[in-house]
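This report concerns only the one structure given below.
The values are calculated or read from the model by the stated rules, or taken from the named source; none is laboratory data. Given the structure is predicted, the values throughout are model-derived calculations rather than measurements. Ideal geometry is used to build each Cβ from the backbone, glycine not excepted, and the neighbour counts take in all protein chains shown.
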Amino acid sequence: MPSRSRVRCTILAALLCSAAFTACGSRSTPQELRPVVGRDAGDAGAKSPDASNFTSPIDTLCVPEHLDTVPSRPVALKAFIESTTPITEGGFRLSGFPDGSQAQLTLLTEPNTAQLTPDIGGHYEIEFSATNSEGNSDKCVSLVHTVDTPPVAICSEGEVQTRINIPVVLSGSALTDSGASSLRWEVIEAPVGSQPRLTDADTDTLIFGPDAKGIYVVQLVVVNLDGLEASCSVVVAVAGAPVLECPTEPFRGPSRQAIELAVTAVEPNDIASHSWSVDGAPELSSAVPTPTDTAITSFSPDKAGDYSLSYVVTNADGLSASCAVSVIAEPSAPTVTCPARLTVAPLELSHITASAVDDGTIVEWNWQLISVPPGSVTEGPEPTNTASTELTTDVAGEYELQVTATDDTGMSATCHSVVAATNINGLRVEMFWDVGNSDMDLHLLNPLATDWNESNNECYWSNCAGGSVLNWGTNLREDNPHLDLDNTEGFGPENVNIFRPAPGTYRIGVHNWDHRNGVPSVTVTIYCKDSETQPRETFGPVALEDREISFWRVADVTIDDDGDCQITDLSIGGEPNINTRNDSRRNR
């Protein structure tokens, strides 16, 4: 290990002092001696100088005189002797040392040199003494001061970055005054559950293998020969791919219905992007997740069967992770679509078309008429076994149809449509009855009529049905009446319409022309300009016994200049106003 610079300078100064002393002039030729060494050896047999005898002086010099060092580092000591006569005795001894010291003082091969190896901190005194042949002696002392100085551990600065399972090399070194030292690397901070690999952990170059994402702190510990320690640390930041909790079971749901797909990330805030894609699907499927760039998505499988999807996430470090996601779409009934509501005029042919989406093939269609307005005798939709059908309405009101689609697996679904037969006339009167094989007649008098069955001021089967036209005004036929149905064998209906009636009071009557299977009961509904599918008023049912005594005066409808109407019930005493046929011919 490298020595501290301060110590190097002290040793160098000692060597320079030695060289300088040798080069200086002296009183006599320097002497060399192979002295002994000792520990607390007294004066090694040296005699005290005789102050009266200066014929053969002796002079000694110890180099270095003073030295600072550290425990366990050897120190070289040298003695220089000048004498006019030969040196007969001399040696080194360790004359002072710290309590408990076991320091060693040994001779070196070079004459007049010794080596001290201090073992603990403190003050050491090394004495050299010499005696010449005339009995003159001298001594010198070297003082060595030893200080316990801890080593210095040196690690590279800055954060080291790597990824999971990518080893990195960490380097360190030690600076110590006491010679060789031991090193060891250890992990003092790591992500929970991590067990990183350390290779060559007792050298100055560690191969560090992280196994988890997060921050590691790796410490280098240096121990010198005195047992003193020092440490430094390196921060290793380990980037890792996101961790996903992938689903272990398939997602399940009906085909063509949304299934929520979700995958959980252990650290969701670290996710920078998401991506969903379809890897495998049943034949002819075109289903895709929506959206594709979120953690939770919706997937509507358009075919029954097995789907395989991939979910990929990327974190802020650019690392990715993925999950394989399975979806099992179970067969489901067709999805049937039809118009919710169609608006037509009474007697207008309506066209209704349904459609179906299915995993397989639609093999059967079936249309049904679920409900009709009162008085309707329409036969229902035709055809009933195709996706498109037609319906002819006969009275104003709402007609509800149901269509059923069945696929090749036998699964079926339905859809409902309402056909609204909407009154578009300023005045519309409808009549129907409850006994078949009967002939009831609807009559409408204009404001100028004075009686029934005798003029064109009355609209009924004889002059107003089919293409017959009665001219009741001058405003381009808009106030002319029209009997659009004349039913002679069933339950009705019969309907009289005036698109834009002229102001005045119109009277409505019903005549039992013929009945053969019982006494019919008749119902009359009245629509004005603001009545679309619901009548303004309904009268009846009223029983009409036979043609001669069964003429029913139902109601008056008064139309004002704005086309609004007011309806007056013609009942008498709460009873229907029924008179004979002959009376009706004479009186309005």
Looking at (1) of a type outside the set (D, E, K, R); (2) in contact (Cβ under 8 Å) with a residue 24 or more places away in the chain; (3) out of contact with any Lys or Arg (no Cβ under 8 Å at 6 or more places or on another chain), which is the one condition that is false for Thr203? (2)
Go through the stretch 527-551 residue by residue and tally those that are at pLDDT 95 or above and surrounded by 22 or more Cβ atoms within 10 Å (Cβ to Cβ). 3
Between a first residue in the stretch 286-297 that is touching a residue at least 12 places away in the same chain (Cβ under 8 Å) and a second residue that is charged (D, E, K, R), which pairs have beta carbons less than 7 Å apart while being 6 or more apart in sequence or on different chains? Ser286/Asp302; Ala287/Asp302; Ile296/Glu260
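When the residues of the stretch 57-75 are narrowed to those that are farther than 26 Å from Ser137 by Cα and in a strand (DSSP E or B), which ends up farthest from the chain's Cα centre (by Cα)? Write out each step before concluding.
Of the stretch 57-75, the ones farther than 26 Å from Ser137 by Cα are 68-74.
If we keep only those that are in a strand (DSSP E or B) too, we end up with 68-69.
Details: Asp68: 69, Thr69: 67 Å.
My answer is Asp68.
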Considering every residue within the stretch 315-325, establish whether at least one is farther than 30 Å from Cys246 by Cβ and of a type in the set (Val, Ile, Thr). no
Of Ala340, Ala345, the only residue that is within 52 Å of the chain's Cα centre (by Cα), of a type in the set (A, V, I, L, M, F, W, C) and either more than 27 Å from Glu537 (Cα to Cα) or at pLDDT below 95 (or both) is Ala340
Consider Thr505 carefully, then state whether it is assigned by TED's automatic domain parsing to the domain that holds Asn577 and either over 22 Å from Asn579 (Cα atoms) or modelled with pLDDT under 90 (or both). no
Restricted to the stretch 224-280 and to residues being acidic (Asp, Glu), at pLDDT below 95 and within 18 Å of the chain's Cα centre (by Cα), the residue surrounded by the most Cβ atoms within 10 Å (Cβ to Cβ) is Asp270
Looking at the stretch 76-184, what strands (runs of 3 or more DSSP E) fall wholly within it and have at least 1 residues that are under 30 Å from Ala239 (Cα atoms)? 152-155, 160-163, 168-175
Check the stretch 443-456 and report whether any residue there is part of a strand (DSSP E or B) and over 22 Å from Asp484 (Cβ atoms). no
What number of residues within the stretch 298-325 satisfy the criterion of being within 17 Å of Ala258 (Cβ to Cβ) and in contact with a Ser or Thr (Cβ under 6 Å, 6 or more places away or on another chain)? 5
Failed item in (1) crowded, with 23+ Cβ neighbours inside 10 Å; (2) not in a loop (DSSP other than H, G, I, E, B); (3) not assigned by TED's automatic domain parsing to the domain that holds His511, with Met440 passing the rest: (3)
I'd like to check which strands (runs of 3 or more DSSP E) are fully inside the stretch 209-254 and have at least 1 residues that are among the hydroxyl-bearing types (Ser, Thr, Tyr) and within 26 Å of Ala272 (Cβ to Cβ). 214-223
Quick check on the stretch 185-200: of everything there that is free of Cβ contacts under 8 Å to residues at least 24 places away in the same chain and not in a strand (DSSP E or B), which residue is nearest to Cys155 (Cα to Cα)? Asp200
Can you pull out the strands (runs of 3 or more DSSP E) entirely within the stretch 345-433 that have at least 2 residues that are buried (at least 18 other Cβ atoms within 10 Å of the Cβ) and touching a residue at least 12 places away in the same chain (Cβ under 8 Å)? 349-353, 362-371, 388-392, 397-407, 412-421, 427-433
Name the pairs whose Cβ atoms lie under 7 Å apart, with the first residue in the stretch 307-324 and closer than 22 Å to Ser285 by Cα, the second among the charged types (D, E, K, R), and 6 or more positions between them or separate chains? Ser308/Asp279; Leu309/Asp279; Ser310/Asp279
